[in-house]
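The values are calculated or read from the model by the stated rules, or taken from the named source; none is laboratory data. Small disclaimer: the values here were computed from a predicted structure and weren't measured. Every residue, glycine among them, receives a Cβ derived from its backbone with ideal geometry; neighbour counts consider all protein chains shown.
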Amino acid sequence: MLNELRVGIVGLGVMGSDHARNLAAGVRGAALVAVSDADRPRAESIAAELGAAHVFDNGLDMIGSGEIDALIIATPDDTHASLVRAALGAGLAILCEKPLAPTAEEAVEIVALAESLPAHRLSMGFMRRFDQGYRALKDRIDAGADGRLLMTHSVHRNVSAYPGQDSAATITNSAVHEFDILPWLSGSRLVRAQWTAGRPSSLIETRHDPQFVILHDESGVLHTIQLQVHARYGYDVRCEVVCEEGSAELAPVPALVEQEPIVTHSNLARSTAYPADWRPRFADAYRRELQAWVISSLAGTVPAEATTPREALESALVARAVVQSMSSQSAIVDIPTVDEWLAR
Ligand code: ISE
């Protein structure tokens, strides 16, 4: 067993640089030894700041270099599949940021490849599974504390939409987190999807915002999701689970945000701050995710809690069905199983 995992990171944007700093500061058993980014000066500056010995011009060179045991992929969504393919070929442990690929058609190839390699170590960066709040909700549902689960209601709001993306990206890039966490919470596969929307915000023209998604799972639980990616006021993720004898919800976000540990009461108002994006909100989850990945990678496995490639494909299939509903007047769309999809 290795004593220290030599990690490389490809893509040093918002998530890649966050992972790099977490690795350097908050995670045991790993050393950041290599980085790569399309913006070379940026890669050089992060390497210098965090003591990474190697800077590569592209991820494929890093994968073939022999300098790393493990790879974090945090490049734009449409580049994940080719990097995963190469890293699987090189036998590296891989943590790939979500999604596996923007479309289920591309994701399916990677799943088939990974599953043909019994010892593959590919896990997906769906960090909510490591969030203490979502885990507490799951433990409560599993323990049956409030009786049988009947419904869940989620809210997902970002401050401002990524430029250059359309309405479908709200589903494939943002809602995909819900499609990962909801079946994990309820323990049941999502089987039917419907998209709808009301009056759009006048503040954004490039996509319909907000959007609303209704899902049913195999056990009969109904899931509703409100998405508003240009909500302006703050990053806000909520989830309530409604059971036969009670309900439970995530604690209000500001209480979880380290930078703002207090609520003020002043001038006839109660006030607190919202995070500007997901990094402070899920900082603890990202650290736990990375630590679990490092420990498992050193032991030659993947973390039991992490999203598998097959589960990532399941969430891509849900996203596909929701986008289909969006483009067919809110039709109710059946979601195929992974096996049905693989057999196509
Ligand atoms: C972003 O890529 C994330 O992964 C965030 O968690 C999500 O809230 C946001 O909407 C996505 O754009």
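Numbers below:
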quantity	calculated
Within segment 75-116, tally of residues that are buried (at least 20 other Cβ atoms within 10 Å of the Cβ), out of contact with any Leu (no Cβ under 7 Å at 6 or more places or on another chain) and closer than 20 Å to Ile295 by Cα	3
Yes/no for Leu71 being within 16 Å of the ligand (Cβ to nearest atom), buried (at least 24 other Cβ atoms within 10 Å of the Cβ) and not in a helix (DSSP H, G or I)	no
The listed residue being more than 16 Å from the ligand (Cβ to nearest atom), over 23 Å from Val159 (Cβ atoms) and crowded, with 21+ Cβ neighbours inside 10 Å, out of Leu268, Leu313, Leu290	Leu313
Selected residue [away from the ligand (no atom under 16 Å from the Cβ) and either free of Cβ contacts under 8 Å to residues at least 24 places away in the same chain or out of contact with any helix residue (DSSP H, G or I) (no Cβ under 8 Å at 6 or more places or on another chain) (or both)] from Ile204, Ile214	Ile214
Residue satisfying all of: in segment 113-132; assigned to a helix (DSSP H, G or I) and within 17 Å of Glu97 (Cβ to Cβ); farthest from the chain's Cα centre (by Cα) among these	Ala114
Leading residue by the ranking (modelled with the lowest pLDDT) among those in segment 66-85 that are over 27 Å from Ala299 (Cβ atoms) and out of contact with any strand residue (DSSP E or B) (no Cβ under 9 Å at 6 or more places or on another chain)	Asp78
Residue selected from segment 117-156 under the condition away from the ligand (no atom under 16 Å from the Cβ), of a type in the set (Asp, Glu) and touching a residue at least 40 places away in the same chain (Cβ under 8 Å), by the criterion surrounded by the fewest Cβ atoms within 10 Å (Cβ to Cβ)	Asp142
Residues of segment 217-239 that turn out to be closer than 17 Å to Asn173 by Cα and either away from the ligand (no atom under 16 Å from the Cβ) or more than 19 Å from the chain's Cα centre (by Cα) (or both), as a count	1
Scan of segment 104-142 for residues that are acidic (Asp, Glu) and either modelled with pLDDT under 95 or at positive phi (or both), ordered by number	Glu105, Glu106, Glu109, Glu115
